[in-house]
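To start, the structure itself, in C-alpha cells.
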C-alpha cells in the first residue's frame, strides 16, 4: 500500500501539463518498473475510463487502485495523485495572486487569454478528431459539433441542454461505426 | 461551511459530473459562474494557465478557480467536486460492464464528446475574442498558433502558456 501511495504521489507531482504526460508516467511506474499490473489490464482500464464523467485520469487511478489493492487502493491512488498536485496548484495560484495587480501580470494575462483560448480550441479539435467516425458518418459527427458550438455562441440555451441533447442524439443515432482512434478521447 | 460554499460545491459537482474530460467542465462552469458574475474570465484564464503549468491532471485547473473564488476551502471544495464524478466508473464497471460496451452507450459517449467539443470550440473562441473587447492582431495570431500547436501535440502545454505570457508582457505592457 505504501508503494502504491509513493507511485501515485510521484505521478501527481512529476507530470507537468496533465493528459498524456500523466498517463505516460502511470504506465511507466505501474506496468514497466513495478509490474503491479499488466499492459493489457492497463490498456483496458484506460479504454473504460473514456466512458467516465469528469477527469478520466481520476477514473483511471480509481480503477487501477481498486485492481491492485481493493477499495483502500482506490482512496490511496486517487488521493495520492490528486492531493499533492492540488497543493502545488494552490501554491502557484497564491503566488500568482501576490503579483496579480502588477502591470506586468496584467500584460501577461493579455497574452495568456488567447494562448489558453487557443489551447482549448485545439483540444476541442483533438476531441473531434478522436471521436468522429469514417466516411459519411464523419459529416454527421462534425455537424453535431458545429451545431453545439453555434448554440453556445448565438443562443442563450444552457450548455447542459446541449450536452444532454448530444448524449440523447448519440444514444439514438451515433452508436454505429468505429471512431477514427480505438480509444476515443484522450484528455 | 457557509451556504455560499455549499452552493458553489453543488455547481462544481454538477458541472464535473456532466463533463467529459478534465477540460469538459469549462463551458459549463463559465456559463454558471462568469455569466452570473460569480467569477471573471480573467480568473478562468489564470486557472487554466496554472492548471497547465502545475503538475497532475490538467482537470486540477478547477482547484485553482476554487481557490481564487473562496480561498483554501474553495480549493478543497473544487478538489472533492472534481474527484468524485469520475469514480462512478467503479460501480459501473462492476454491475453494468456489458451495457457500457453496448452500441447505444457508445453512441451516448460519442454524442457527449462531440457536443462537448462544440462547446469547447465556442468557449475557446470567446476566450481569444472576449465579448465587448476588440482583440489585437497579435492576440488573434497567438490564439490560432496555440490552437495549431495543441492540435499537433508537439509543444508542451506549459511552453504554450509561458510563450503567451511573454508575448503579453512584450506586446501589451
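Nothing in this text is a laboratory measurement; each read-out follows from the coordinates by a stated rule. Model, not experiment: these values are computed from the prediction. Counting neighbours? That spans all protein chains shown, and the Cβs are built from the backbone with ideal geometry, glycine included.
Here is the size of the stretch B:2-58 from its Cα atoms: Rg then Dmax, 11.7, 32 Å. Seen from all directions on average, the stretch A:1-121 presents a Cα convex hull projection of 8.6 nm². Summarising the overall dimensions of the stretch B:1-108 from its C-alpha atoms, the Rg and Dmax are 15.1, 44 angstrom. For the stretch A:6-53, a/c is not less than 1.5, where a ≥ b ≥ c are the root eigenvalues of the C-alpha gyration tensor, and a/b does not top b/c. That puts it in the oblate class.
Of all the Cα-Cα pairs you can form in the stretch B:29-173, what percent are over 18 Å apart?
On the way: 7072 of 10440 pairs.
When every Cα pair of the stretch B:29-173 is considered, 68 percent fall beyond 18 Å.
Residues A:37, A:88, B:140, ranked from the fewest to the most other C-beta atoms within 10 Å, line up as B:140, A:37, A:88.
Remark: spin-label model distance residue A:100-residue A:14 equals 3.3 nm, labels positioned 7 Å along the Cα→Cβ axis.
Send over the semi-axes of the protein assembly as shown's equivalent ellipsoid, whole angstrom and largest first, taken as the square roots of 5 times the C-alpha gyration tensor eigenvalues. Intermediate values should be presented prior to the final figure.
Working: eigenvalues 172, 128, 72 Å².
Taking √(5λ) for each eigenvalue gives 29, 25, 19 Å, largest first.
Across chain B, C-alpha contacts under 8 Å between residues 6 or more apart give a mean separation that, scaled by the residue count, equals a relative contact order of 21 percent.
Among B:38, B:23, B:48, the residue with the largest mean-square fluctuation in a Gaussian network model of chain B, with springs joining Cα atoms closer than 10 Å, is B:38.
Compare A:162, A:128, A:78 in a GNM of chain A, Cα atoms joined below 10 Å, and give the one with the largest fluctuation. Greatest mean-square fluctuation among the candidates belongs to A:162.
Looking at the square roots a ≥ b ≥ c of the eigenvalues of the Cα gyration tensor of the stretch A:54-132, which shape do they give, rounded for a/c under 1.5, prolate if a/b is larger than b/c, or oblate? The shape class here is oblate.
Partner chain Cβ atoms within 10 Å, averaged over the residues of A:80-86 - can you pull that number for me?
On the way: counts 0, 5, 9, 4, 2, 7, 16.
Whole-number average of other-chain Cβ neighbours for A:80-86 is 6.
When A:27, B:98 are sorted by how many other C-beta atoms sit within 10 angstrom of their C-beta, beginning with the fewest, the order is B:98, A:27. Comparing mean-square fluctuations of B:72, B:22, B:148 from a GNM of chain B with C-alpha springs under 10 Å, the top value falls on B:148. Distance from the alpha carbon centroid of the stretch B:36-89 to that of the stretch A:16-88 works out to 20 angstrom.
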